[in-house]
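Down below is the structure, laid out as structure tokens.
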Amino acid sequence: MSLPFALFIVIPVVLVLLLILALRPPKRRSMSTSEVFEALTEERHYARLPQILQSLREEDTEFLRVGGHRDLFDRLRAERKSIALRYLNYLEEEFQLLLEASRILATIAPEAIPMDEFERFKLNVRFAFCCRYLRWRLRLGLQPWNVFGTISDMAGDLTLGLEAATTRLGERASMASEFPLFLENRRRDLD
Amino acid sequence: MVDPIILQDFAWTLTTLLKLLLLFYLLRRRLYRSHPAFLIYLLATIVQSVVMTAAYRHWGFQSMQSWNIYWGGQGVVVCTRWLAIVEIARKLLTNYPGIWRLANRLLFAVGICALTYSVLSSAHKWQFAVVYVDRGVELSIAAFLVSLFLIARYYRVPVAGLERYLAIGFSLYSCFWVINASLVDRWGAASLEGLRNFLEILTFLASLLLWIGAVRKHAVARAVTVPAPVSPETYAKLSLEVNARLHLLNERLVHLLRTKDSRS
């Protein structure tokens, strides 16, 4: 079987599968403009990130293992695993919220900037892949706890950066008087 | 057992009748106003059926004249199909000028890539160039429509029932057309020509039934409120901010992964 022939069979089949995928109803409910920007201006989870990360440091539990409290050590590890997973969920939620905001932005923009849109698409794919990969590693117990401990070292700068960006975005969003009007129009269209 | 030729004739007659039924519904529901390109496409397929019936009767199924008339007509039909598809895309995205400007470039690029690939991969059998170009056009139509649906989904653009079913019909027909044409190309026209024609008619029949159902159920859409656009400056600023934050979140995740990998 030649490659071009195989591709001429495979490509249409892939297209049909993609069509089925594209026609499925979205898992997430479409958010309205005001819902998105309201959520963006709310207090973010990563404001408490340093504390969460501190609780994940291995030194915090190591003394239990050394002291022979294996059960307690295991329980704490399990709890911390669930904290790490929850943290990932928060990150993902935050990411999806931003994407939703960017989509709404693109729908009301007179001309979307292709590079920005493409950049977002790339980031989306990369984030989705990394997030899934990390989650599965955590679930399979492959995550060494000391790794999360070291994150707290980098958390400071990053958190500040994110907070600053959120604030700026929130301010700009609240200043954009066009959004509430669009919200009503869009909701009517979708209902 | 039913003779394949009789079966094929029956399917052909049935598709012609269904085309006329679809035309009737389109006219009755006055959809020629909102979907003129689709109406022209339908008329082109009806005229093609009539002309081909006359040509086969006059010159026979295997004659060169019939072959030339078929492919000449096919060229016209494919052009009108492209117009109908562009009409669907425009109707879907016209209320979203930002996305439409972005999407039309992307969609045409996808279409041209598919067509180019299809023609270039035809192993230089130039005597069958018209067949390969036709296959390429069908592949580009399918790629165009599937990309359109993916873009609509990505940006949460609502897809009205009629446009949805028209597009599904077109894309499924094009996909199966490419598969049929490739099978014939691989195993020879002589052995599979009858089967290919039958499968092609069958696929078109399915698309016709889908379209008739959609046109019959079509209710006059409420006037869509055109969203108030933001200024380009606001979009540019917010877009940059959003991207910056997405970057930061991504970096955070990648940092987690890298740190972990280096230690495990």
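Computed from the coordinates by the stated procedures, all read-outs in this text should not be read as laboratory data. Predicted, not measured: the structure shown is a model, and the values here were computed from it. Using ideal geometry, Cβ is built from the backbone for each residue, glycine included, and neighbour counts are taken over all protein chains shown.
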For this session: Sticking with the crude label model, points 7 Å out along Cα→Cβ, report the distance from residue B:129 to residue B:50 in nm, one decimal please.
Result: 3.3 nm
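Counting only other residues whose beta carbon sits under 15 Å from that of residue A:3, what net charge do I get with K and R as +1, D and E as -1?
0
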Seminar exercise, completed: Looks like segment A:93-139, by Cα gyration tensor root eigenvalues a ≥ b ≥ c and the a/c under 1.5 rounded cutoff (else prolate when a/b is bigger than b/c, oblate otherwise), is oblate
Exercise. Roughly how many nanometres apart are two label points built 7 Å out from the Cα toward the Cβ at residue A:90 and residue B:10?
Worked result: 6.7 nm
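Mind running the shape call on segment B:4-229? Use the C-alpha gyration tensor, a ≥ b ≥ c as the square roots of the eigenvalues: rounded below 1.5 for a/c, prolate if a/b tops b/c, oblate otherwise.
The shape class here is oblate.
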For this session: Could you calculate the contour length gain from residue B:187 to residue B:65, that is, 0.36 nm times the residue separation minus the distance between their Cα atoms, to one decimal place in nm?
Result: 41.4 nm
Seminar exercise, completed: Within 10 Å of the Cβ of an average residue in B:165-177, the count of other chain Cβ atoms is 2
Problem set entry | Charged-residue dipole, Cβ positions (Lys, Arg, Asp, Glu), segment B:4-229 about Cα centre, Debye nearest 20 | 940 debye
